[in-house]
Amino acid sequence: MKLRLILSFLAISASGLLSAQESFSLEECVKYALDHNPALQKSIIDQQQAAESRREIVGALLPQVSGSGSIAYNFNKNMVTMPNFMNSMLPEAMRDPNADKYMTIPMGMNNTANVGASLVQQVVNFSLFNALNISKTAQDMSDIGVESSTDDIIAQTATFYYNAQVLEYGLSLFDRSIALMDSTLSIMTVNRDGGIIRNVDLDRVKVARTNLVAQKTGFCQALEVQKNLLKLTMGYDMEREIVLPPLDVAGLEQMLARPNRGTFDPNALPAFRLMNERLRMSDLQVRSAKYELLPTLTLLGNYNYYFMADDFYSGPTFNKYPMSMVSLSLKVPIFSGFSKDAKIKKARLDQDKASRDLSQLDQSLRMAHSNALMQMDSNRETLAAQRENMLLAEDVYDITEKNFNLGLNPLSDILNASSELIKAQISYVEALHNYLQSYMDLMKNNGTIRTFVNQQPANEF
């Protein structure tokens, strides 16, 4: 029994370890984020609420049927006072001259009950008909809101994902530089022991290595921050480790070399379509204000059955009878103190504002697209220059190291070459990050950010 418990514990521990080391591709990160991101889930709930609101208005257009019923026992019956016509109807000789001028009689019976049903059907109600169009527009706006939130989640997930991958790639460059410096330190230690170089020269290289390790520590911290942001966007457990595959630099640069520039179409962007729906909503609000001036026609009908008796619904006094009614109710607005006119003018002003906002948004989106194109072209040129600069710095370092080992170059040359190589590597990493970010900005401004996930380097998936 104990052995079985131990084996079960080891199996659970191994399973947890494997789960902690699970590797996520960009496609998997995006899928996880779309399933678990809280902001997107709230947008989906808003979408569902809009659909239910429309169903609510549709229900108001259908016949409204209700049932009712009541039962009562009258402890004290209602008394009615009326002229004493009984005395006045008698022949004059038989009349009581002292009779009261008025008499009181009880109304109804001890037990009363009724049961019935009523129907209300809107026949002509332009405001309610227009409310149905408003609800449809609100539902379309919520659908676009979900689409916009989805695009934002994809862009944020891709940004944090590649930020983390680029930083990990930068750390690998730091490791290469530290390994080169360790190799140089080994050779210098041998030369120092042989009396060829001084201790101070060896200490200068050690100081340079310490500074390099400190820079690497900063990169490590930045990497953890980006991973935490990625997990937050994904809705991933912050306590669990997330592992990303290594950055395929060659495949990524090949993919980025063929950007989808395309032609700018504002209708492909959720923000523009959402503003269009807002303009449509303002048009419907103007109609709604106008429709309040129109008459409404309602069909009413009810059927009731009444029961009454002095005894408990039995005996000779027990009576029952139906009552039914059908009517048309017409309501015609005549004067509302000019409040309706003010409401119409206010709705028209909102309509004018929405039209101007749409025009301004169109110009802003076109400007953002143009700026994204220029920024991407500039970052692509910078990336190419930094790549060449890094390769050149690596060649210079290799040659300088060989000459130093042969005694042809002083220590200052190899320290300078090492410093320039590190700067070139960091500049290349920054250029790669900036170009990747501008590329994603362009895809988002094109309305094609979702296709970005499907065109990753082949060996990543």
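Atom-type composition of the exposed protein surface of the chain places 58 percent of the accessible area on carbon and sulfur (1.4 angstrom probe).
For the chain, what is the accessible area per residue in Å², given a 1.4 Å probe and the full set of protein chains? Please list the in-between numbers first.
Values: 27030 Å² over 461 residues.
Each residue of the chain exposes 59 Å² on average to a 1.4 Å probe.
On C-alpha positions alone, give me the angle between the axis of helix 26-36 and the longest principal axis of the chain, in degrees, nearest 10. Once rounded, one gets 30 degrees.
Between Ser23 and Ala117, 0.36 nm times their residue separation minus their Cα-Cα distance comes to what? Kindly include the intermediate steps, with their values, before the conclusion.
Numbers: separation 94, 0.36 × 94 = 33.84 nm, distance 6.49 nm.
Between Ser23 and Ala117, full extension yields an extra 27.3 nm.
Of all aspartates and glutamates in the structure, the ones whose alpha carbon falls short of 18 Å from that of Lys101, not counting any fewer than 8 places away in one chain, are Glu92. The local environment of Ala424, defined by Cβ-Cβ distances under 14 Å, has a net charge of -3 under the rule Lys, Arg +1 and Asp, Glu -1. For a straight C-alpha distance cut-off of 26 angstrom, the lysines reachable from Lys320 (same-chain residues fewer than eight places away being disregarded) are Lys77. Setting aside same-chain residues fewer than 8 positions from Lys345, which aspartates and glutamates have a Cα under 15 Å from its Cα? Hits, sequence-local ones excluded: Asp283, Glu292. Residue separation of Ser172 and Val124 scaled by 0.36 nm, minus their Cα-Cα distance, works out to 9.9 nm of gained length.
Where only DSSP H runs of four or more residues are counted, the chain gives -23500 deg cm²/dmol as its mean residue ellipticity at 222 nm, each run worth -39500 (n - 2.57). Placing a label point 7 Å from the Cα of Ser329 along the Cα-to-Cβ line, the residues of the stretch 98-126 whose backbone N sits under 11 Å from it are 119-122.
Students sometimes get this wrong: rank Met89, Met323, Met443 by accessible area, probe 1.4 Å, all chains present, largest first.
Values: Met89 140, Met323 90, Met443 5 Å².
The ranking, largest first, comes out as Met89, Met323, Met443.
By a 1.4 Å probe calculation restricted to protein chains, Val225 has an accessible surface near 80 Å², given to the nearest 10.
Counted residue by residue at 0.36 nm each, then reduced by the alpha carbon distance between them, the extension gain from Arg366 to Asp203 reaches 53.0 nm.
As a rough guide to protection, the peptides 366-376, 148-158 ranked by mean Cβ packing within 10 Å, highest first, stand as 148-158, 366-376. Distance from the C-alpha centroid of the stretch 189-235 to that of the stretch 29-83: 66 Å, rounded to the whole angstrom. Between the Cα long axis of helix 411-446 and the first principal axis of the chain there is an angle of about 30°, rounded to the nearest 10. Where (i) 31.4; (ii) 22.8; (iii) 26.5 are the candidate values, the label of the one calculated here for Kirkwood radius over Cα pairs in Å is (i).
Over 27 Å apart at the Cα level, from the set Lys227/Lys423; Lys31/Lys423; Lys290/Lys353; Lys42/Lys343; Lys42/Lys136; Lys346/Lys444, are Lys31/Lys423; Lys42/Lys343; Lys346/Lys444.
Determine the relative contact order of the chain: mean sequence separation of Cα pairs under 8 Å and six or more apart, normalised by residue count, in whole percent. Display every interim value, and only then the final one.
On the way: 551 pairs, mean separation 103.0, N = 461.
With pairs under 8 Å counted, the relative contact order is 22 percent.
By accessible area of protein heavy atoms, probe 1.4 Å, what ranking do Met109, Met94 get, highest first? Don't jump to the answer; show the numbers that get you there.
Details: Met109 40, Met94 130 Å².
Descending accessible area places them as Met94, Met109.
The angle separating the long axis of helix 199-234 from the principal Cα axis of greatest extent in the chain is about 20 degrees. Highest mean packing comes first when the peptides 136-144, 213-221, 334-342, 300-308 are listed by Cβ atoms within 10 Å, giving 136-144, 300-308, 213-221, 334-342.
The values are calculated or read from the model by the stated rules, or taken from the named source; none is laboratory data. Quick caveat, the model's predicted, so the values are computed rather than measured. Note that each Cβ is placed from the backbone with ideal geometry, even for glycine, and that neighbours are counted across all protein chains shown. With ligands, DNA and RNA removed, areas are computed over all heavy atoms of the protein, side chains included. Shrake-Rupley method; radii C 1.70, N 1.55, O 1.52, S 1.80 Å.
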